[in-house]
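To start, the structure itself, in structure tokens.
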């Protein structure tokens, strides 16, 4: 049985946690051909949980294994689809991020990829203070 339709519910992958989430948009085949699945993933975004944290002024640190991740040819930046995520996450307020890492981060940037050990060092800093 063919379950294809000319409409589909759009989904995005969360940049931070990697989970699929509904965007609330409906996609439609302009020729009204039954060419689409029930859900269609169209890109990256922030799930409601991580969008809320971003709106509150947090930057997500996503731990990735550089040996297993791939950098595109001609680029120095790790693309989300090539990042091998270890599963460790941390959220820092934007101003704290700037002070700790001594680097500016764009207002629209919701996350950064960090090497293994960075989050553990931050946790050690926090526990040493408290």
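Summary of values
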item: Residue 59 surrounded by 12 or more Cβ atoms within 10 Å (Cβ to Cβ) and in contact (Cβ under 8 Å) with a residue 60 or more places away in the chain; result: no
item: Filter pass, residue 43 being touching a residue at least 12 places away in the same chain (Cβ under 8 Å), out of contact with any strand residue (DSSP E or B) (no Cβ under 6 Å at 6 or more places or on another chain) and in a strand (DSSP E or B); result: no
item: Unmet criterion (only one of (1) touching a helix residue (DSSP H, G or I) at 6+ places or on another chain (Cβ under 7 Å); (2) farther than 15 Å from residue 15 by Cβ; (3) modelled with pLDDT of 95 or more) for residue 46; result: (2)
item: Test: residue 87 is closer than 14 Å to residue 20 by Cβ and either assigned by TED's automatic domain parsing to the domain that holds residue 13 or loosely packed, with under 12 Cβ neighbours inside 10 Å (or both); result: no
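The values are calculated or read from the model by the stated rules, or taken from the named source; none is laboratory data. Note that the coordinates shown come from a computational prediction; the quantities given were computed from them, not determined experimentally. Because the Cβ atoms are built from the backbone with ideal geometry, glycine has one as well, and the counts that use them run over all protein chains shown.
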